[in-house]
Amino acid sequence: MTLPHGPQLITYADRLGGDLRGLDRLLDGPLAGAFSGVHVLPYYRPFDGVDAGFDPEDHTVVDPRLGTWEEIRALSERGVVMSDVIVNHVSSRSDQFQDVVEKGDASPWAPMFLTLSSVFPDGVTEADLARIYRPRPGLPFTTMTLGGQPRLVWTTFTPEQVDIDLRTDEAWAYLTSVIDALTGAGVTMLRLDAVGYSGKEAGTDCFMTASTQAYVDRILELAHARGASVLLEIHGHYLQQVEIARTVDYVYDFALPPLVLHALHARDLAPLAHWMQVRPTNAVTVLDTHDGIGIVDVGPNDLRPGEPGLLAAEQIDALVESIHDASDGASRLATGAAASNLDLYQVNCTFYDALGRDDRRYLLARLVQLMVPGIPQVYYVGLLAGENDMELFTRTGVGRDINRTYYTADDVAGHLGRGVVAAQLEALRLRASHPAFEGEFTCELDGTRGVLAWTTPESRVQLGFDVDDASFVLAVRGPEGWRTVVSDGDVSPMAEAARRAAAEEAGGQ
């Protein structure tokens, strides 16, 4: 049995399996039983644009270098498939926008794209511009020539990603065609990318406005009519996430990763304990994703001064420095002004490096994630306990590439033989199938020690741990008593040495 709310893998098709068929083979082979679904990061044409697929020229076509819609349907027959609906923008190279570049306002697609005057037809003031919330430095406009006329085109993220105007019929015809293509191929979870920036309104900060909620409601209606649920991707203050969770199917628990890192670095469970009392349960939990490790999600509210975060300013500063120290400074090089195409509120680092490549602390972090209510998603680099890819980062200069490694089949096979990876897979298989996860969740966190448990009348799954020394035991109670599934001893230096020695001996025979 595979639980429908069991773990999901997050991956690029080309960076793990090579293509969609290769990904399917992995899920049917060495990863069998570990995942109830997969979030395939953008596989549209082209999947390798300036923002790793989040700038599609055609959002309704699978890039033929990766496969076809038939491969997506094959994945959906195995379990849940999540795909991205990029709500806020399209590629500046898309056919629609290129028609506007050529014809200007005479193009039938002209209403679909936002310029400065679209939102501020009566002119704009310095205060209006200063109020606009953007995840990157500078103003969200790029000067472009449309139909022979210079215009200020709205580009929230990069000049290659042109924002669309969801007040227009053209934009909704476009988004509906995207949703139809995805759900028609068996996709049953839609992740709304960058939707928080879609509701531009004069006199506001243009982030999560009343218009945004109206647009999300309309997408929810389209998705539900086609048998799909919706996950909202929003980075922001934790109370904002709690509010949003009441209005959608799922939100990300982006506060969990920095709180777990704080707990393991500072030996302090108090902030995590507070979050466990107020967090929404209709959440998708993560430790790592294709983006950086979010910090804004535990900080004070930038949009409502005086509203504190889950961590105090000095705790956030200490956390960021701890990550930089644990990664031997690699994350510092890939974060902030040092790296292009970077969100200001994220630290770029693999989660494994953020914990100093300490197998015990890393595995404990993963187990905490798997025990927290919600749908756990595991990023492919994190699944393989990947280290910072300084070679890729140096080659591209893009900070987030430090955590977007390309793995060959031999690379994957090698990592699957490591104790920390094998232990993660053991825990994932338990989370994907054990009936206790249909029961009642309890959480006891005190000082440095914690117990997380799921219980039914017939069974119990329990994680007991101490963040001081990273000791832990994940155990199951059934009719025959208790059984240990994973413990800190499984990734101790002695256990790893014995495992490698046995592998070498077997290889020599």
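Quick notes on this structure:
- Farthest positive-ward along the chain dipole, Cα basis, beta-carbon charges - from Leu425, Gly79, Gly478: Gly478
- Label positions at Thr125 and Asp169, each projected 7 Å from the Cα along the C-beta direction, are separated by 3.6 nm.
- Peptides 370-379, 434-443 ranked from most to least packed by the mean count of surrounding Cβ atoms within 10 Å: 370-379, 434-443.
- Against the main long axis of the alpha-carbon atoms of the chain, helix 169-184 sits at an angle near 30°.
- What a 1.4 Å probe finds exposed on the chain is 51% carbon and sulfur by accessible area, rounded to a whole percent.
- Most simply put, the chain has about 60% antiparallel DSSP beta bridges, counting only bridges with both residues inside it.
- Note on segment 164-230: Cα-Cα pairs beyond 19 Å make up 32% of the total pair count.
- Using a simple spin-label model with pseudo-atoms 7 Å out from Cα toward Cβ, Ala106 and Leu139 lie 2.9 nm apart.
- Rounded to the nearest 20 debye, the dipole size of segment 1-99 about its Cα centre is 380 debye, using +1 on the Cβ of Lys and Arg and -1 on the Cβ of Asp and Glu.
- For segment 288-410, the extents of the C-alpha atoms along the principal axes are 51, 36, 24 Å, listed from largest to smallest.
- Cβ-placed point charges (K, R +1; D, E -1), dipole of segment 76-172 about Cα centre in debye, nearest 20: 320 debye
- Three principal axis lengths of segment 403-500 [C-alpha, angstrom, descending]: 44, 30, 30
- Using alpha-carbon coordinates, inclination of helix 419-433 to the longest axis of the chain, degrees: 80 degrees
- Computed across segment 101-180, the Kirkwood hydrodynamic radius from all distinct Cα-Cα pairs reaches 13.6 Å.
- Between helix 256-266 and the chain there is an angle of about 50 degrees, using the helix long axis and the longest principal axis of the Cα atoms.
- At full extension, Asp180 and Val242 could sit 19.4 nm farther apart than now, given 0.36 nm per residue minus the alpha carbon distance.
- Whole-Å distance, taken between Cα centres, linking segment 281-295 and segment 445-488: 23 Å
- Rotationally averaged projected area of segment 52-125 (alpha carbon convex hull; nm²): 7.4 nm²
- For Val230, the residues whose modelled amide H falls within less than 5 Å of its own, excluding neighbours fewer than 5 places apart on the same chain, are Leu190, Asp249, Tyr250.
- For the chain, with +1 on Lys and Arg beta carbons and -1 on Asp and Glu, the positive-most of Gly6, Gly104, Leu392 along the dipole: Gly6
- Rg [Å, one decimal], Dmax [Å, integer] - segment 239-281, C-alpha atoms: 11.4, 35
- Relative protection proxy for 469-478, 74-83, from highest mean packing down: 74-83, 469-478 (other beta-carbon atoms within 10 angstrom).
- Ordering of 11-21, 54-64, 170-180, 480-490 by burial proxy (mean other Cβ atoms within 10 Å per residue, highest first): 11-21, 54-64, 170-180, 480-490
- Along the axis of the charge dipole computed for the chain (Cβ charges of +1 for Lys and Arg, -1 for Asp and Glu, origin at the Cα centre), the listed residues Tyr345, Val230, Gln213 are led at the positive end by Val230.
- What the chain shows is 38 Å² of accessible area per residue, with the surface traced by a 1.4 Å probe over protein heavy atoms.
- Dipole magnitude of the chain about its Cα centre (Cβ charges: Lys, Arg +1; Asp, Glu -1), debye to nearest 20: 620 debye
- Answer label, with Cα extents along the principal axes in Å calculated from the coordinates and candidates (i) 73, 51, 47; (ii) 71, 63, 41; (iii) 63, 60, 50: (i)
The values are calculated or read from the model by the stated rules, or taken from the named source; none is laboratory data. What you see is a predicted model; the values in this text were computed from it and never measured. Here Cβ is always computed from backbone atoms with ideal geometry, including for glycine, and neighbour counts include all displayed protein chains. In case anyone asks, the SASA skips ligands and DNA or RNA and just uses the protein heavy atoms, side chains included. Shrake-Rupley method; radii C 1.70, N 1.55, O 1.52, S 1.80 Å.
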